[in-house]
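Structure first, then comments.
The values are calculated or read from the model by the stated rules, or taken from the named source; none is laboratory data. As the structure is a computational prediction, the values presented were derived from the model and not from experiment. Cβ placement follows ideal geometry from the backbone for every residue including glycine, while neighbour counts extend to all protein chains displayed. Keep in mind that these areas ignore ligands, DNA and RNA; they rest on the heavy atoms of the full protein, side chains included. Shrake-Rupley method; radii C 1.70, N 1.55, O 1.52, S 1.80 Å.
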Amino acid sequence: MDKTYQPEQIESRWYERWEADNRFAPSGQGEPFSIMIPPPNVTGSLHMGHAFQDTIMDTLTRWRRMQGRNTLWQVGTDHAGIATQMLVERKVAAEEGKSRHDLGREAFIDKVWEWKHESGGHITRQLRRMGASVDWSRERFTMDDGFYQAVQEVFVRLYEEDLIYRGKRLVNWDPTLHTAISDLEVENRDQQGQFWHFRYPLADGATTEAGRDHLVVATTRPETLLGDSAVAVNPEDPRYASLVGKFVTLPLVGRRIPIVADEHADMDKGSGCVKITPAHDFNDYEVGKRQGLPLINVFSRDAAILEAAEAFDLQGRPLDDVDPSLPAAYAGLGRFEARERIVADMEAAGLLEQVETVSNTLPYGDRSGDVIEPLLTDQWFVAVEELAKPAIAAVENGDIEFVPRNYENMYFAWMRELQDWCISRQLWWGHRIPAWYDASGNVYVARTAEEARAKHGLSDDIVLTQDEDVLDTWFSSGLWTFGTLGWPEQTEALKTFHPSSVLVTGFDIIFFWVARMIMLTLKFTGEVPFKQVYVHGLVRDGQGHKMSKSKGNVLDPIDLIDGIDLDSLVEKRTGNMMQPQKAKAIAKATRGEFPEGIEPHGTDALRYTFLSQATTGRDIKFDMGRLDGYRNFCNKLWNASRYVLMNAEGQDCGAEGGEVELSLADRWIVSQLQQTAAQITRALEEYRFDHASQALYDFVWNEYCDWYLELSKPVLWDDAASEAAKRGTRRTLVRVLEAVLRLAHPMMPYITEEIWQRVAPLAGPLSQTGGDSIMVQPWPVADEGRVDEDATRDIEWLKGVIVAVRNIRAEMNIAPGKPLEVLLTKGSEADRARLAANRLFLSKLAKLERIDWLADPDQAPLAATQLVGDMEVLVPMAGLIDKDAELARLAKEIDKQDKLIGGIEKKLGNESFVAKAPEAVVQKERDKLADFAATRKVLVEQRDKIAAL
RNA sequence: AGGACCAUAGCUCAGUUGGUUAGAGCGCCACGUUGACAUCGUGGAGGUCGGCGGUUCAAAUCCGCCUGGUCCUACCA
């Protein structure tokens with residue numbers, strides 16, 4: 001083995017091997033365990049969130065597989081409608097200077113597929129780099145044939161049950177992308193805006209109570225004035241009671257619109273009058289519904305002013321009794337330009353009463369970045385009320401459990417106020433809606449055009465045109481857990497692996513995806529999609545900021561694995577920016593943070609860092625320091641293995657039998673291993689990956705390496721040690737390491753496989769279940785019978801003595817290598833026996849020339865002293881003691897004991913404590929008091945002795 | 001406006017049902033290359049657990065209020 005751990009040399013090799021050997025496919029035996037990967041965008045690339053999430057899923061998958069479960073990690077990618085279409089549109093524009101409309105629908109879709117084939121392998125290659133043990137033979141895509149079938153089936157069946165309907169509704173319209181988007185795709189941003197107060201003249205000579213001939217309404221959106229269909233006042237408002245039922249003349253337009261009474265109008269705000277524009281505002285739409293007002297649309301699909309308004313009733317039918325004329329001056333103007341003109345014209349007409357500056361929030365499309373416009377359009381909707389009920393119940397009754405629990409509240413809150421889901425998108429890339437129209441606009445929903453004809457008895461000469469729209473991406477990904485398993489066919493896979501065991505996802509996706517999966521899956525399979533949802537936080541940068549291209553703080557997981565030089569990193573962060581003016585600052589910050597670029601760390605170290613930071617219900621600040629630390633940990637494991645191999649390879653490790661004698665250290669480390677196995681298993685069961693990684697780290701570094709390997713040296717290197725003892729120590733070295741590798745494998749798959757290949761043969765014949773890969777070895781099960789408390793106590797004692805001597809060396813400035821003479825005294829018979837049994841260990845680890853028991857403490861020479869329990873460890877130091885320094889140290893120690901003693905005495909002096917606390921707690925305090933007092937006594941004696949010099 | 005979560009060492013974080021001498025890693029200080037490892041070893045310094053109040057024999061832990069931070073939902077005529 002190389003002296004230093006070099007991940008790049010082992011990682012790709014092992015992944016290819018595992019894949020070639022089909023190690024990722026379900027075994028077909030044991031209790032099923034399945035995870036469905038949240039499908040990443042097929043043309044995307046792996047970001048830190050993916051890497052984090054994939055690490056968690058892979059750890060669970062490898063662990064369960066080793067436990068003997070029939071394990072499937074289902075992989076696949078999402079077609080991601082808007083994101084992919086935009087990407088390809090940009091590409092086509094850049095390369096060919098054409099828009100998608102220049103190409104036409106069919107040619108454009110071809111381009112998207114081309115791009116998918118070209119770049120779709122990128123993210124799956126990256127997934128492989130992460131070590132993800134997904135079953136590639138079952139890889140799926142949300143637009144593959146199987147999904148096509150599933151989507152058609154679901155749509156048609158929901159339609160047949162009236163759970164899907166089509167209608168003219170107010171939706172969030174993206175004027176740049178020319179499509180409806182869902183509430184969830186709208187991002188609200190705070191802005192400074194203006195608030196214009198306009199006068200609307202009362203018609204027919206009416207006046208207010210105060211005698212004015214106009215009402216005052218205020219708006220942040222003057223351009224929607226053209227579509228007003230009423231002014232509302234509060235029904236309780238005495239100021240306007242007499243005007244309800246009368247009219248105002250809409251300025252600039254001249255339309256007579258009614259004054260209505262509606263609770264939406266707040267008497268305390270502004271004048272108490274509100275303009276009502278049902279076709280351009282969600283609240284007004286509700287008012288319109290209550291008041292039976294016409295919907296007057298004045299915007300085109302580009303959010304420009306129409307030549308003439310379009311008026312509809314609430315069912316979406318055109319209305320002829322509303323005068324559609326609009327002032328010609330505004331026709332074709334964009335909404336913001338129209339706003340300026342209208343404000344100017346109102347002012348010119350003397351109708352602008354006041355302009356305020358206010359802070360308000362505006363809706364932006366999260367993809368286009370354009371301001372979203374509520375717009376009246378024909379769309380398809382899922383009626384969610386009936387679907388939501390069982391979906392809520394499934395979480396309430398525990399069929400689905402969120403980890404951590406508190407996300408259930410978030411889920412309930414959202415599910416209970418669910419609006420119907422607009423599923424149609426005016427895009428080209430996606431699942432076409434299975435609806436056909438005849439020449440007169442009748443709609444036929446069926447799986448295919450043929451089925452539509454058959455079902456409705458339409459002859460072949462009737463021309464049917466398919467709906468132009470596609471479905472929201474989340475409609476198909478909502479079928480992910482069962483669609484990937486072959487539904488609507490009742491496949492073996494579906495029977496075996498559905499419901500899936502756990503969904504691993506970010507909280508930001510609960511509404512988009514988790515909730516909809518639960519609804520659709522329950523509806524179509526009668527089963528929950530998953531039994532548990534493990535919700536993780538967002539991966540942020542070291543300062544806690546969200547990683548984003550525009551902030552220039554993005555880390556690429558692959559760069560952390562392979563390393564990247566500074567210039568490339570700067571180029572990556574500043575190249576191709578939306579706001580190039582930021583490039584300089586980003587370059588500077590990057591050069592400051594990574595003066596040497598980023599070193600290679602390897603996949604295992606990256607995975608370990610994620611796991612150790614994966615604490616529940618909280619975002620993680622990615623810590624480069626920890627990444628370095630865990631790379632070092634890999635190196636530690638690597639070198640410990642080198643030591644084991646150097647001492648075991650070609651030696652008798654007891655695999656072939658032969659007499660075996662186990663040392664205290666052997667029994668102790670085996671005992672500790674049992675506890676570590678139990679801890680890690682429990683931590684994984686509880687999704688506490690941080691605890692699992694911590695337990696392993698502690699065991700490997702602080703116990704196995706720091707103590708056990710050192711304790712093995714005296715046995716292996718001492719000619720006096722018996723062959724049985726050496727065999728026992730070699731066997732323990734090898735077996736414990738082999739078990740550690742298995743415990744570590746789900747977290748750090750590569751290094752463990754690499755080392756295991758060399759260590760496992762030394763541990764004995766490969767197990768029955770396993771083949772020649774650690775991946776298929778059994779998960780270590782803690783054996784209570786091998787927990788050895790005596791050995792643990794003895795080793796604690798041994799450590800105590802060794803640390804005491806090291807302490808004295810440090811304090812007295814004695815070179816670490818200088819051989820010392822040590823005396824032990826004042827201890828019990830047990831201490832004396834321990835000395836006799838561990839003379840060799842003590843001498844080697846503490847670098848002692850000799851160590852003896854001093855029966856009569858009064859004979860003790862002048863010495864530096866440390867305590868181990870009641871026992872004193874003496875390093876005779878005639879003439880070498882720095883009197884003042886030692887007195888100061890002792891004074892400090894005594895002071896510390898005094899504080900401890902004082903605290904306990906106070907407690908024990910409190911009668912209610914003694915009376916009310918459990919006896920065990922009181923006794924514990926008494927024991928501690930005795931200990932501290934004894935320690936203090938020794939310290940005082942020492943002090944007096946030195947003071948007397 | 002409503003809700004959620006967070007606040008523990010310089011930094012990133014653990015701390016199970018209240019009882020620990022409040023922990024880890026990184027960083028820092030001192031010392032150290034004998035054959036696993038300087039991506040290392042040994043020893044050490046460093047915390048009034050955000051503040052105030054309450055419950056309790058006992059609070060980092062439970063409750064209330066306050067401050068600071070993050071996020072979600074809603075509203076903004």
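Which of the residues that make up region A:803-825 are under 25 Å from A:Ala888 (Cβ atoms) and aliphatic (A, V, I, L, M)?
Correct list: A:Val803, A:Ala804, A:Val805, A:Ile808, A:Ala810, A:Met812, A:Ile814, A:Ala815, A:Leu820, A:Val822, A:Leu823.
Within region A:240-263, how many residues turn out to be within 13 Å of RNA strand B (Cβ to nearest atom) and assigned to a loop (DSSP other than H, G, I, E, B)?
Residues in region A:240-263 being within 13 Å of RNA strand B (Cβ to nearest atom) and assigned to a loop (DSSP other than H, G, I, E, B): 3 in total.
The rows are residues; the columns are (1) under 27 Å from the mean Cα position of the chain (by Cα); (2) more than 16 Å from RNA strand B (Cβ to nearest atom); (3) outside any strand (DSSP E or B); (4) surrounded by 20 or more Cβ atoms within 10 Å (Cβ to Cβ).
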{"residue": "A:Ile109", "(1), (2), (3), (4)": "no, yes, yes, no"}
{"residue": "A:Glu118", "(1), (2), (3), (4)": "no, yes, yes, no"}
{"residue": "A:Ser133", "(1), (2), (3), (4)": "yes, yes, yes, yes"}
{"residue": "A:Phe147", "(1), (2), (3), (4)": "yes, yes, yes, yes"}
{"residue": "A:Val151", "(1), (2), (3), (4)": "no, yes, yes, yes"}
{"residue": "A:Val154", "(1), (2), (3), (4)": "no, yes, yes, yes"}
{"residue": "A:Val171", "(1), (2), (3), (4)": "no, no, no, yes"}
{"residue": "A:Thr176", "(1), (2), (3), (4)": "no, yes, yes, no"}
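Hand me the list of helices (runs of 4 or more DSSP H) wholly inside region A:830-949 holding 1 or more residues that are surrounded by 18 or more Cβ atoms within 10 Å (Cβ to Cβ) and more than 10 Å from RNA strand B (Cβ to nearest atom).
Values: elements: A:883-909, A:911-916, A:919-947.
Once the helices (runs of 4 or more DSSP H) in region A:830-949 are filtered for at least 1 residues that are surrounded by 18 or more Cβ atoms within 10 Å (Cβ to Cβ) and more than 10 Å from RNA strand B (Cβ to nearest atom), what remains is A:883-909, A:919-947.
If you go through region A:568-592 one residue at a time, how many are open to solvent by 70 Å² or more (accessible area, probe 1.4 Å) and without any contact (Cβ under 8 Å) to a residue 24 or more places away in the chain?
Looking only at that region, the number is 7.
What are the residues in region A:517-541 that are buried (at least 24 other Cβ atoms within 10 Å of the Cβ) and in a helix (DSSP H, G or I), if any?
Once the filter is applied, which keeps residues that are buried (at least 24 other Cβ atoms within 10 Å of the Cβ) and in a helix (DSSP H, G or I), region A:517-541 yields A:Met517, A:Ile518, A:Met519, A:Leu520, A:Thr521.
Just checking, how many residues over region A:208-223 are open to solvent by less than 70 Å² (accessible area, probe 1.4 Å) and either out of contact with any helix residue (DSSP H, G or I) (no Cβ under 8 Å at 6 or more places or on another chain) or not in a loop (DSSP other than H, G, I, E, B) (or both)?
10
So for region A:645-654 (the condition being surrounded by fewer than 16 Cβ atoms within 10 Å (Cβ to Cβ), within 10 Å of RNA strand B (Cβ to nearest atom) and more than 19 Å from A:Thr4 (Cβ to Cβ)), does at least one residue qualify?
no
Only one of A:Val343, A:Val382, A:Val371 is touching a residue at least 40 places away in the same chain (Cβ under 8 Å), within 22 Å of A:Leu215 (Cβ to Cβ) and touching a strand residue (DSSP E or B) at 6+ places or on another chain (Cβ under 7 Å); which?
Working: A:Val382 fails: within 22 Å of A:Leu215 (Cβ to Cβ); A:Val371 fails: within 22 Å of A:Leu215 (Cβ to Cβ).
After ruling out the rest, the residue left standing is A:Val343.
Give the residue that is farthest from A:Thr377 (Cα to Cα), with candidates limited to residues of region A:399-423 that are hydrophobic (A, V, I, L, M, F, W, C) and in a loop (DSSP other than H, G, I, E, B).
So the first thing to find is which residues in region A:399-423 are hydrophobic (A, V, I, L, M, F, W, C), and the list is A:400, A:402-403, A:410, A:412-415, A:418, A:421-423.
Retained after the next criterion (residues that are in a loop (DSSP other than H, G, I, E, B)): A:400, A:418, A:423.
Details: A:Ile400: 37, A:Leu418: 20, A:Ile423: 13 Å.
Within region A:399-423, the match that is farthest from A:Thr377 (Cα to Cα) is A:Ile400.
When you scan region A:693-707, how many residues do you find that are more than 9 Å from RNA strand B (Cβ to nearest atom), open to solvent by less than 20 Å² (accessible area, probe 1.4 Å) and more than 20 Å from A:Tyr534 (Cα to Cα)?
Matching residues across region A:693-707 total 4.
Taking into account only those residues within region A:377-388 that are outside any helix (DSSP H, G or I) and open to solvent by 10 Å² or more (accessible area, probe 1.4 Å), which is nearest to A:Asp174 (Cα to Cα)?
Selected residue: A:Asp378.
Among (1) free of Cβ contacts under 8 Å to residues at least 60 places away in the same chain; (2) touching an Asp or Glu at 6+ places or on another chain (Cβ under 8 Å); (3) farther than 29 Å from A:Ala20 by Cβ, which single condition is A:Gly81 missing?
(1)
Are any residues in region A:549-563 in a loop (DSSP other than H, G, I, E, B) and among the aliphatic types (A, V, I, L, M), and if so, which ones?
So the first thing to find is which residues in region A:549-563 are in a loop (DSSP other than H, G, I, E, B), and the list is A:549-556, A:563.
Within region A:549-563, A:Val554, A:Leu555 meet the criteria.
Can you find even one residue in region A:765-779 that is open to solvent by 20 Å² or more (accessible area, probe 1.4 Å), within 25 Å of A:Glu19 (Cβ to Cβ) and at pLDDT 90 or above?
Yes.
Using the structure shown, decide if A:Asp2 is of a type in the set (Asp, Glu), within 16 Å of RNA strand B (Cβ to nearest atom) and either more than 21 Å from the chain's Cα centre (by Cα) or at pLDDT 95 or above (or both).
yes
Take A:Gly617 and tell me if it is part of a loop (DSSP other than H, G, I, E, B), near RNA strand B (Cβ under 8 Å from one of its atoms), at positive phi and of a type in the set (Gly, Ala, Ser).
Details: part of a loop (DSSP other than H, G, I, E, B): yes; near RNA strand B (Cβ under 8 Å from one of its atoms): yes; at positive phi: yes; of a type in the set (Gly, Ala, Ser): yes.
Judged against the criteria, A:Gly617 is a match.
When you scan region A:621-638, do you find a residue that is open to solvent by less than 10 Å² (accessible area, probe 1.4 Å) and within 6 Å of RNA strand B (Cβ to nearest atom), even just one? Break it down into steps so the answer makes sense when it comes.
First, the residues of region A:621-638 that are open to solvent by less than 10 Å² (accessible area, probe 1.4 Å): A:622, A:627, A:633-634, A:637.
Retained after the next criterion (residues that are within 6 Å of RNA strand B (Cβ to nearest atom)): none.
Checking region A:621-638: not a single residue is open to solvent by less than 10 Å² (accessible area, probe 1.4 Å) and within 6 Å of RNA strand B (Cβ to nearest atom).
Listed here are the residues, each with its yes/no results for (1) of a type in the set (A, V, I, L, M, F, W, C); (2) in contact (Cβ under 8 Å) with a residue 60 or more places away in the chain; (3) open to solvent by 10 Å² or more (accessible area, probe 1.4 Å).
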position	(1), (2), (3)
A:Pro390	no, yes, yes
A:Tyr411	no, yes, no
A:Arg447	no, yes, yes
A:Ala452	yes, no, no
A:Gln466	no, no, yes
A:Asp469	no, yes, yes
A:Gly483	no, yes, no
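Give all pairs with beta carbons closer than 9 Å in which a residue from region A:264-280 that is in a loop (DSSP other than H, G, I, E, B) and modelled with pLDDT of 80 or more meets a residue that is open to solvent by 60 Å² or more (accessible area, probe 1.4 Å) and within 8 Å of RNA strand B (Cβ to nearest atom); count only pairs at least 6 apart in sequence or on separate chains.
Within 9 Å, the pairs are A:His264/A:Asn283; A:Gly272/A:Asp266.
Look through A:Leu163, A:Leu184, A:Leu252 and report the one residue that is farther than 28 Å from A:Asp321 by Cβ and open to solvent by 30 Å² or more (accessible area, probe 1.4 Å).
Every option except A:Leu184 fails the conditions.
Which of the following residues is open to solvent by 10 Å² or more (accessible area, probe 1.4 Å), in a helix (DSSP H, G or I), touching a helix residue (DSSP H, G or I) at 6+ places or on another chain (Cβ under 7 Å) and among the acidic types (Asp, Glu): A:Asp666, A:Asp690?
Only one candidate qualifies: A:Asp690.
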